Amino acid sequence: MTSTTLDAPSATPILDWYDRHHRDLPWRVSPPMAARGVRADPYRVWLSEVMLQQTTVQAVKPYFANFLARWPTVRDLAEAPNDDVMAAWAGLGYYARARNLKKCAEAVATQHDGVFPDTEDGLKSLPGIGDYTAAALAAIAFNRQAAVMDGNVERVISRLYAISTPLPAGKTLMKQKVALLTPADRPGDFAQAMMDLGATICTPKRPACSLCPFRGSCEALRLHDPEQFPVKAAKKERPVRRGAAFVAVTADGEILLRRRIASGLLGGMTEVPTTAWTSRADGETSADAAPFPAQWEPCGSVTHVFTHFELRLSIYRAAIPSRIQHDDKWWEPVTNLEAQALPTIMKKAIATAIPRVFAMPKG
DNA sequence: AACACGTGGAC
DNA sequence: TGTCCAAGTGT
């Protein structure tokens, strides 16, 4: 522990650690099974990896179970209606992932005979599969010696070698180090071990270095300051945008919905009518901007934090005596909202206007 | 390279 | 309370 010389890092200690301390996850094959030659189902690995992009394991678990139950194979997903997939993804965020998930399933089904390519290059050519997911799939599902680099591995590697080049520029050197460390034997277990280590031991704050299989090799630990790694570029400030959202309700208990355009923020998802969301001080936040005249009543506001801006929506509600038909909108029974592709911000808006239609613990 | 792109949990 | 962050990808 207090030695001044470090052992050369090697894959062996972390593979041994993984054998004893790996997490059991629904999309995984356990190390003993993997040792007997059992391979993870590429469809499940792919589905989990896409869901896990910038998303916690806890958030993914119920979505993964639901997707797998509804669409057990990549062909099933390829044949599913887009709206069903987007509705099933609703709440998980980063909706381009769901759009690309569907495109990828269709490509695998129609261009690859329903079988995922088994090389990094082949995988990376598919929608929604980038450097990380291609390497992870190649290693975990196809036992290829691919260098897997995600946020966990960045943290482990940057500490192990005390790499002070800020991210994202430092990623190039980190990937070289991972490639040198990745074993020809058990590359999939190695990748998962590095991610488990980053998630449970080599954590962003207060890492449990005394339990780490790399404790005799870690330069950051030798420097007594693992938390300083990885160094990251400064973040930009998050501007505030404002707008208004309009919840029209009929006496029959239907609300007016519309579809967002297929690309961009919340692309392809369902929403209640809103004004444009603007950072301007004179932004439209009043009932004057409603989609049609009615007795709009203010019923509160909703704040929602996106990655690159904060949104404050003024919420208005109107009881509509008779259904007014609109070209680009439709009326949906409030009892059927769970089946809609409503992102969380829209569930918050509706819950503010019509309490009790959603169980919304936060907001 | 830099930015767009969601959400909820932890501290 | 604000800040950070969680198995990134596309442009």
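The values are calculated or read from the model by the stated rules, or taken from the named source; none is laboratory data. Values in this document were obtained by computation on a predicted structure and should not be read as measured data. All Cβ positions, glycine included, derive from the backbone under ideal geometry; neighbour counts span all protein chains shown. Areas reflect the complete protein model, heavy atoms only, side chains present, ligands, DNA and RNA absent. Shrake-Rupley method; radii C 1.70, N 1.55, O 1.52, S 1.80 Å.
Table for the structure above
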quantity: Matching option when the condition is away from DNA strand B (no atom under 14 Å from the Cβ) and either out of contact with any Gly (no Cβ under 6 Å at 6 or more places or on another chain) or at positive phi (or both), among A:Ala96, A:Ala136; calculated: A:Ala136
quantity: Per-region count, region A:211-233, residues touching a residue at least 12 places away in the same chain (Cβ under 8 Å) and either away from DNA strand C (no atom under 11 Å from the Cβ) or open to solvent by less than 20 Å² (accessible area, probe 1.4 Å) (or both); calculated: 14
quantity: Members of region A:111-137 found to be open to solvent by less than 10 Å² (accessible area, probe 1.4 Å), closer than 21 Å to A:Lys177 by Cβ and touching a residue at least 24 places away in the same chain (Cβ under 8 Å), listed by number; calculated: A:Thr133, A:Ala135, A:Ala136
quantity: Matching residues, region A:1-36, being outside any loop (DSSP other than H, G, I, E, B) and either open to solvent by less than 40 Å² (accessible area, probe 1.4 Å) or of a type in the set (Val, Ile, Thr) (or both); calculated: A:Ala11, A:Thr12, A:Ile14, A:Leu15, A:Trp17, A:Tyr18, A:Pro31, A:Ala34
quantity: Qualifying residue in region A:222-242 (condition: within 25 Å of A:Asn100 (Cβ to Cβ), out of contact with any Lys or Arg (no Cβ under 7 Å at 6 or more places or on another chain) and among the aliphatic types (A, V, I, L, M)); calculated: no
quantity: Neighbours by Cβ (under 6 Å, 6+ apart or cross-chain): first from region A:186-206, open to solvent by less than 20 Å² (accessible area, probe 1.4 Å) and in a loop (DSSP other than H, G, I, E, B); second near DNA strand C (Cβ under 9 Å from one of its atoms) and at pLDDT 95 or above; calculated: A:Cys202/A:Arg155
quantity: Failed item in (1) within 16 Å of DNA strand C (Cβ to nearest atom); (2) modelled with pLDDT under 95, with A:Ala8 passing the rest; calculated: (1)
quantity: Single match in A:Ser286, A:Ser279, A:Ser263 (criterion: in contact with a Lys or Arg (Cβ under 7 Å, 6 or more places away or on another chain) and either farther than 22 Å from A:Ala90 by Cα or surrounded by fewer than 18 Cβ atoms within 10 Å (Cβ to Cβ) (or both)); calculated: A:Ser279
quantity: Meets criteria (open to solvent by 60 Å² or more (accessible area, probe 1.4 Å) and in contact with a Pro (Cβ under 9 Å, 6 or more places away or on another chain)) for A:Lys236; calculated: no
quantity: Test for A:Val108: is it buried (at least 21 other Cβ atoms within 10 Å of the Cβ) and either modelled with pLDDT of 95 or more or more than 7 Å from DNA strand C (Cβ to nearest atom) (or both); calculated: yes
quantity: Residue ID - modelled with the highest pLDDT, chosen from residues in region A:245-274 that are part of a strand (DSSP E or B) and among the hydroxyl-bearing types (Ser, Thr, Tyr); calculated: A:Thr270
